[in-house]
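Presented below is the structure to which this report refers.
The values are calculated or read from the model by the stated rules, or taken from the named source; none is laboratory data. The model shown is predicted, which means the values in this text are computed figures rather than measured ones. Ideal geometry is used to build each Cβ from the backbone, glycine not excepted, and the neighbour counts take in all protein chains shown.
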Amino acid sequence: MYSDFTFSIIKPNAVRTGKTGPILAMINEGGFEIAAMRMVKLTLPQAESFYAVHKGKSFFEGLIEFMTSGPVVVMILRHENAVDQFRKLIGATDPAKAEPGTIRKTFAVSVQMNAVHGSDSVENAIKEADFFFSGIERFY
Ligand code: UDP
Ligand code: MG
């Protein structure tokens with residue numbers, strides 16, 4: 001069922017500083033199963049396309065520069081009601097507002113460098129997963 005899946009990225013600041021393992025541990029401890037995973041370095045057009053919804057916003061250029069600054073880990077995650085449950089596990093966009101114990105509270109260094117991405121709807125989770133993974137790489 002599509003609602004059992006969400007899409008996530010471990011962002012460059014977290015990969016660069018060796019937080020991939022600790023973040024994956026929190027994801028697993030949060031009850032999520034990793035259904036697909038790969039490390040990639042986004043090109044400018046890929047990052048712009050992935051974040052197209054934010055084009056024109058004040059933070060867009062900085063976000064694209066950041067997201068292309070180093071490798072990222074892209075994943076499809078499985079959990080009941082995955083989109084909402086994962087947004088709870090990662091916490092608010094701004095780490096200053098994130099709940100204690102969330103991934104962003106633990107690993108974000110700023111609003112921009114907030115360690116992880118999590119899809120905001122089932123529809124976007126499907127689009128984002130399709131952007132990075134072909135059918136043959138997925139468990140579902
Ligand atoms: N972002 C930023 N400045 C802002 C808002 C967002 O740099 O004022 C970045 C941040 O990395 C965030 C991403 O843009 O995760 C996408 O923003 P969105 O509002 O979709 O937040 P999210 O869904 O990631 O919580
Ligand atoms: Mg978002």
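Among (1) within 15 Å of ligand 2 (Cβ to nearest atom); (2) buried (at least 18 other Cβ atoms within 10 Å of the Cβ); (3) touching a residue at least 60 places away in the same chain (Cβ under 8 Å); (4) closer than 19 Å to F5 by Cα, where does F131 come up short? Answer for F131: the failing condition is (2).
Residues that are surrounded by 12 or more Cβ atoms within 10 Å (Cβ to Cβ) and among the acidic types (D, E) do occur in segment 60-73. Contact map, segment 30-45: first residue on the phi > 0 side of the Ramachandran plot, second residue outside any strand (DSSP E or B) and at pLDDT 95 or above, Cβ cut-off under 7 Å, separation 6 or more or different chains; pairs are G31/H79.
Condition check ((1) within 12 Å of ligand 1 (Cβ to nearest atom); (2) in contact (Cβ under 8 Å) with a residue 40 or more places away in the chain) across all residues:
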| position | (1), (2) |
| --- | --- |
| G56 | no, no |
| L77 | no, yes |
| E80 | no, yes |
| D94 | yes, no |
| G101 | no, no |
| F107 | no, yes |
| S119 | yes, yes |
